[in-house]
1. Can you sort Leu48, Leu177, Leu27 by 1.4 Å-probe accessible area, starting with the largest?
2. Give the relative contact order (percent, whole number) for region 104-196; include only Cα pairs under 8 Å separated by 6+ residues.
3. Could you tell me the accessible area of Lys36 in Å² (1.4 Å probe, neighbours in place), rounded to the nearest ten?
4. In square angstrom, rounded to the nearest 10, how much accessible surface does Lys29 have for a 1.4 Å probe?
5. Heavy atoms only, probe 1.4 angstrom, no DNA, RNA or ligands counted: give me His3, His142, His171 ranked by accessible area, highest first.
6. Just in region 152-187: which trypsin sites (Lys or Arg not before Pro) are loop by DSSP and have at most 13 other Cβ atoms within 10 Å?
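The values are calculated or read from the model by the stated rules, or taken from the named source; none is laboratory data. Values in this document were obtained by computation on a predicted structure and should not be read as measured data. Positions of Cβ are generated from backbone atoms using ideal geometry, with glycine treated the same way; all protein chains shown enter the neighbour counts. Each accessible area value is taken on the protein alone, full model and side chains, heavy atoms only, with ligands, DNA and RNA left out. Shrake-Rupley method; radii C 1.70, N 1.55, O 1.52, S 1.80 Å.
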Amino acid sequence: MKHFIQILVLCIGIPMGAGAQTFTQRLQKTVAGQGKVTIHQSDSIDQLVNTTVLTAKSATAPTTKPTATSTPSATSHTNVASTTSKPATPHAEETPDTTAISTQKMLRGQKVMGYRVQAFAGGNSRKDRQQAEQVRNSIKSHYPNVPVYVHFYSPRWICRVGNYRTYEEAHQMLVSLRALGFEQATIVKGKITVAH
């Protein structure tokens with residue numbers, strides 16, 4: 001019976017001791033044959049990231065700030081919480097610039113065949129992406145409740161407006177956009193997002 005209790009205590013103690021590391025410490029753990037992860041962050045971010053781990057584990061876990069080290073042969077990654085850049089991936093669709101409630105509805109919506117109005121089609125340069133985003137911002141200033149999408153379909157950046165089930169609805173937006181000065185606007189058929 002005494003051996004059973006000792007084994008039980010040992011089995012419970014090992015996972016608790018192994019989990020005493022913080023999340024960032026586990027990320028920075030050195031593993032042979034792999035790159036090294038280095039995290040630079042403020043104390044407030046460190047507390048936000050590691051608080052759930054510390055409250056779930058023992059209160060004696062260390063809360064030290066990770067140190068910045070680098071090795072020439074190791075891969076270094078930086079975790080900066082204030083950076084909100086998104087990589088430009090082919091066929092990546094940005095969420096529409098609408099209120100939080102309508103964005104959630106759009107995300108829960110289903111994809112069906114329909115129409116959108118293409119207000120801009122450029123090349124694949126950074127300047128073309130900026131122009132597509134400027135077109136989006138201009139349209140959003142006139143139509144704040146209409147979803148506007150900036151896509152990269154290789155080899156060009158495009159800006160499309162709305163989710164219209166019928167051609168007639170899309171044509172009304174086309175006329176409005178041409179009146180705003182978007183003479184190159186055209187109607188395109190494709191998958192659209194419709195709230196259920």
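1. Working: Leu48 130, Leu177 0, Leu27 75 Å².
I get Leu48, Leu27, Leu177, largest accessible area first.
2. Working: 167 pairs, mean separation 44.0, N = 93.
The value is 47 percent.
3. Accessible area, nearest 10 Å²: 50 Å².
4. Here the accessible area works out near 130 Å².
5. Values: His3 135, His142 100, His171 80 Å².
I get His3, His142, His171, largest accessible area first.
6. On the way: sites: Arg156, Arg160, Arg165, Arg178; in loops: Arg165.
Those satisfying the criteria are Arg165.
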